[in-house]
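Read through the structure below, which is laid out as structure tokens, and then see the notes.
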Amino acid sequence: MNGTSTIAIAGAGPAGLAAATLLSRAGRTVVVHEKNATVGARFVGDLQVIEDASDRRENVPAMFTRLGLPAPSWVPATSAEFFDARMRRFEIASKEPYAWFVTRGPGEGTLDTTLLAGAQQAGAEIRFRSRVEPASVDLVATGPQTPDGLAREMAFETDRTTRVRVLFDPSVAPGGYAYLFTVGGRGTFGCAIVRDLGGIDGYFEKAKEKLLSVDAFPMEGRRDAYSFMNFALAPEPGRDGRPAAGEAGAFQDYLFGLGMRYAIASGALAAEALLTGGDFAALARERFGRRQRVSLVNRFLYEAGGAFGLSLFARLATRVDFRSVLSAFYRPGPVRLALAPLVAALWRNRGLCAHRLPPHWCRAREREIRAPELGRIG
Ligand SMILES: Cc1cc2nc3c(=O)[nH]c(=O)nc-3n(C[C@H](O)[C@H](O)[C@H](O)COP(=O)(O)OP(=O)(O)OC[C@H]3O[C@@H](n4cnc5c(N)ncnc54)[C@H](O)[C@@H]3O)c2cc1C
């Protein structure tokens, strides 16, 4: 690619739009192909959190400012209630925000439409209803490919005050968790699982009954959606021989599936590599490699801990500043780095998954979700 040719990006999610903004601002001609008619089409105005603990040197607003990305309307999260399988409540708090609430989807003020406006303002062209093959573009940012983790969510409007509730109970959210957020007039209840994906509806109902039984509150305009995420980590972030950012490049927080920060950071790094002619895979290994390996170990410990481990985690989290607890989990410490090759060996891809990735680690060691179920999820 020379300095004047058009840069083609597949996917207008956070990764693709962050890359497009930076490339356009540097004077490059950029076309982003988006298969859907809008950005954020798989989301329904649901609340998600951009975690603010994985990098103690730079908080989330500072990262947006440094990259010159427009800030969505966001709300800081400094407290939460955790529940264990026996519905014991643990209150956690942090001095600095451990995360920032944003909304996702095609509506006004969401992360997706804010990043879209920023990319367009910088001069990028976004071509909607344009599905392209990864091999035909300069950067792949097409999001998750297959459901390693699956969530059913309901988004609604409510006048309830700010609440963050998370239920850690493997019997209603195997390998995952259920969550209830009410923030700024909006609410979201979701159940995210990584095992027995076909049973999502049953888990959703059971988790809802448990978490919403704590107290009743009004909900209006309920919208339900299914969506999935990849839990696959690749030492070489490429797809079909092309650099890939965000979940398409296997960038993911393996612990909780909080992929937005990774998507934006890896999209920005891909833009840097395209501008400088740098080796994206090498840059990504250097920037994210250790964190990704530790995240693999975190997920292993999270699943191995079962109900007892999760209860212990919730209890510990009440004792200290929660942002510090999360930071400690994300920090690539020597013990977990030493454990990483063991987990990687256990979870190396044995050909059970359908990720079009180079050699990688994933937890698709059970059957893939069946095709008819995928149709329903879209
Ligand atoms: C229910 C749910 C809750 C979540 N909650 C959180 C949370 O609280 N915090 C967090 O950090 N993360 C969360 N995540 C994960 C987060 O949403 C993703 O990690 C993030 O959106 C990944 O960004 P991305 O740009 O890589 O991909 P995406 O956001 O998926 O964007 C990819 C885009 O590419 C388009 N596309 C796909 N294929 C093609 C093609 N062939 N041609 C053209 N366009 C194509 C898609 O339509 C899409 O618009 C959640 C995920 C789910 C499913």
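Build a GNM of the chain with springs between Cα atoms under 10 Å: which of VAL102, VAL325, VAL140 gets the top mean-square fluctuation?
Looking only at VAL102, VAL325, VAL140, the largest GNM fluctuation is found for VAL325.
For the pair GLU108 and ASP279, how long in nm is the line joining their label points, each one 7 Å along Cα→Cβ?
4.9 nm
Measuring from label point to label point, each 7 Å out along Cα→Cβ, what is the THR162 to SER213 span in nm?
Taking the simple label geometry, THR162 and SER213 are separated by 2.9 nm.
I'd like to verify something in the chain: which complete DSSP H helices, judged by Cα projection on the helix axis, reach 30 Å or more and average at least 0.0 on the Kyte-Doolittle scale?
Helices meeting the span and hydropathy rule in the chain are 280-319.
What's the center-to-center distance, using Cα atoms, between region 272-345 and region 172-220 in Å?
25 Å
So which GluC sites (Glu not before Pro) in region 165-238 are both in a DSSP loop and have at most 10 other Cβ atoms within 10 Å of their Cβ?
Taking region 165-238 and a limit of 10 other Cβ atoms within 10 Å, no loop GluC sites (Glu not before Pro) are found.
List every residue whose amide H lies under 5 Å from the amide H of LYS35, counting only residues 5 or more places away in sequence or on a different chain, with H placed 1.01 Å from N in the peptide plane.
Under 5 Å from the amide H of LYS35: GLY11, ALA12, SER130.
Rounded, prolate or oblate, given the Cα gyration tensor of region 237-354, with a/c below 1.5 counting as rounded?
prolate
If the chain between ARG88 and GLU286 were fully stretched, how many nm would it gain, using 0.36 nm times the residue separation less the Cα-Cα distance?
Gain on stretching ARG88 to GLU286: 67.2 nm.
Name the shape class, rounded, prolate or oblate, that the alpha-carbon gyration tensor gives for region 131-224, where a ≥ b ≥ c are the square roots of its eigenvalues, rounded holds for a/c under 1.5, and otherwise prolate holds if a/b is larger than b/c and oblate otherwise.
oblate
Let me check against my output: what whole-number percent is the relative contact order of region 146-261, with C-alpha pairs under 8 Å and at least 6 apart?
29 percent
Tabulate in residue order the Karplus-calculated ³J(HN,Hα) for region 138-144, using 6.51 cos²θ - 1.76 cosθ + 1.60 with θ = phi - 60°, rounded to whole Hz; enter x for Gly and Pro.
8, 9, 9, 9, 8, x, x
Where both partners of a DSSP beta bridge lie in region 7-286, what percent of those bridges are antiparallel, to the nearest 5?
Taking every DSSP beta bridge within region 7-286, about 75 percent pair in antiparallel fashion.
Using the beta-carbon distance between LYS95 and ARG222 and R0 = 35 Å, what value does 1/(1 + (r/R0)^6) give for FRET efficiency, to the nearest 0.05?
0.50
Is the C-alpha gyration tensor of region 7-286 telling us rounded, prolate or oblate? Criteria: a/c under 1.5 is rounded; beyond that, a/b larger than b/c is prolate, otherwise oblate.
Here region 7-286 falls in the prolate category.
Just rank SER266, SER327, SER54, fewest to most, by other beta-carbon atoms within 10 angstrom.
By the 10 Å Cβ count, ascending, the order reads SER327, SER54, SER266.
Considering only DSSP states other than H, G, I, E and B, which trypsin sites (Lys or Arg not before Pro) in region 58-116 qualify as loop sites with at most 12 other Cβ atoms within 10 Å?
ARG86, ARG88, LYS95
The numbers here are math on the coordinates, done by the rules we state, and not lab data. These numbers were taken from a predicted model, which means no experiment stands behind them. So basically every Cβ, Gly included, is an ideal-geometry build from the backbone, and we count neighbours across all protein chains shown.
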